[in-house]
1. Pairs, please: C-beta under 7 Å, at least 6 apart or cross-chain, first residue closer than 11 Å to Gly3 by Cβ and in segment 39-66, second open to solvent by 60 Å² or more (accessible area, probe 1.4 Å)?
2. Filter segment 239-264 down to residues that are surrounded by 19 or more Cβ atoms within 10 Å (Cβ to Cβ) and β-branched (Val, Ile, Thr) and give me whichever is nearest to Ala119 (Cα to Cα).
3. Of these, Ala264, Ala256, Ala271, which one is closer than 20 Å to Phe173 by Cβ and not polar (S, T, N, Q)?
4. Could you please let me know if Ala41 is surrounded by 14 or more Cβ atoms within 10 Å (Cβ to Cβ), over 25 Å from Trp164 (Cα atoms) and aliphatic (A, V, I, L, M)?
5. Which one is modelled with the highest pLDDT among residues in segment 1-26 that are touching a Gly at 6+ places or on another chain (Cβ under 9 Å) and surrounded by fewer than 18 Cβ atoms within 10 Å (Cβ to Cβ)?
6. Name the pairs: first residue in segment 260-287 and β-branched (Val, Ile, Thr), second residue surrounded by 15 or more Cβ atoms within 10 Å (Cβ to Cβ) and not in a helix (DSSP H, G or I), Cβ to Cβ under 6 Å, at least 6 apart or on different chains?
7. State all residues of segment 214-238 that are charged (D, E, K, R) and either at pLDDT 95 or above or open to solvent by 40 Å² or more (accessible area, probe 1.4 Å) (or both); if no residue qualifies, say none.
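The values are calculated or read from the model by the stated rules, or taken from the named source; none is laboratory data. The model shown is predicted, which means the values in this text are computed figures rather than measured ones. Cβ sites come from the backbone with ideal geometry, for glycine too, and all protein chains shown count toward neighbours. Heavy atoms of the whole protein, side chains included, go into the accessibility calculation; ligands, DNA and RNA do not. Shrake-Rupley method; radii C 1.70, N 1.55, O 1.52, S 1.80 Å.
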Amino acid sequence: MAGFERRTLTPPVEAVREAYAPDSVVLDAGADFETLPPEAAEELGLLVDALDPAAYPREWLPDDAPAQLRRYAGSDFTIGMPGDGTVVWTRQTTPPTVIAKKRAEGTPEDFLAFLLSEAFVELSLEVPEHFLPFFGESYRDLAAATPLGPNETYQLAAALFDAWVGIQSREEFSGWAADAGGNGDTGTDGNADAAADADAGATAHPEIHAAWADAGDRLVDRLENLPAEVAHGDLSFTAATEYACAAVKHDLDLPAPFSALDTAAYRDHGADYAVRWAEKTFEKLGE
C-alpha cells in the first residue's frame, strides 16, 4: 500500500486535538486497510519517536478465535483490526498516532470531523484501543456465554466495547454545544463529572457537537425497529447489537435488551457486566 502523509486539520478539529490529544500525530493513509501490512506498520517508525508493539496472553482467546485476533494478541506490530472504521488510533507509537484511511476522502466532511475528534477524545480517556485488553481473560467467558461462532463473537465483543467507550466519550461531546463553554455552570447538582469537564477546559466546539448530534439522528429510526427486525429474522442479533452500541455514544434511547448497556453499572463494571448481559440475553432469546 501507499505510505502516509501528515494530515492538515480544519480549525474546529485542530481545536479538539489541542484540547484532548495535543501530542498526537495525525496521518492520512494511502490506502484502505483492516490491519496495516507489516511493511506499512513499520513505516510509522519513520514518522514517530518510538514503536512499542502490544502483546497479550494467548490464553485469553478461545481455541477457535479468528486468525487476525490471534495475530493481534501476538508480538507482531498490529495496527487496525476488522470493524475499526474510517479512523483508527494507537498508543503503540510515541507519540500516539491517529490514521485516516483512504476511504476518508469520500466521507462527508462533517462526519469525518466527528470521527477524528472521537479519536482525540478516546486518547484522552486512556481507554484500550481494542476490545481484547478490555475483556482480557473474560473474552473466553463471553464466547462461552453465547451460541455464536468465532467471527460473530468477535463482532459482538467489538460492539460491546464500543458501547463502553461511548458512555464515556459522549460526556465530552454533549458538552460542546455553542452555549456550553465559558459559563462556569457545573450543573444544577454540582456533580463531579461536570466540574471535571470544566477543569478540563470544556470549551465549546459547536461544529463538532453538531456533527456528533447529526450522526446520532441518522440512527434513531433504525433503533426503533431493532427488536422487530431481530424477531422477524431480518437482522442478526450481532448486527442489531452493533447499531445499538453505536447509538450509545450519541446518548440515544435504546430498546431492550440493549438499554441495559447504557448504564452507569456498565461503565463501572466493564467486561464482567458485558459477559453477564450476554448470558442473560441469550438465555431469554433461547426461551
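1. Taking only residues 6 or more apart or on different chains, the pairs are Ala40/Met1; Leu44/Leu51.
2. Going through the qualifying residues, I end up with Val248.
3. When all the criteria are applied, what remains is Ala264.
4. Numbers: surrounded by 14 or more Cβ atoms within 10 Å (Cβ to Cβ): yes; over 25 Å from Trp164 (Cα atoms): yes; aliphatic (A, V, I, L, M): yes.
For Ala41, the condition - surrounded by 14 or more Cβ atoms within 10 Å (Cβ to Cβ), over 25 Å from Trp164 (Cα atoms) and aliphatic (A, V, I, L, M) - is met.
5. Filtering first and then ranking leaves Glu5.
6. From segment 260-287, the pairs are Val275/Ala145; Thr281/Pro257.
7. Keep residues of segment 214-238 that are charged (D, E, K, R), which gives 214, 217-218, 221-222, 224, 229, 234.
Residues satisfying the conditions are Asp214, Asp217, Arg218, Asp221, Arg222, Glu224, Asp234.
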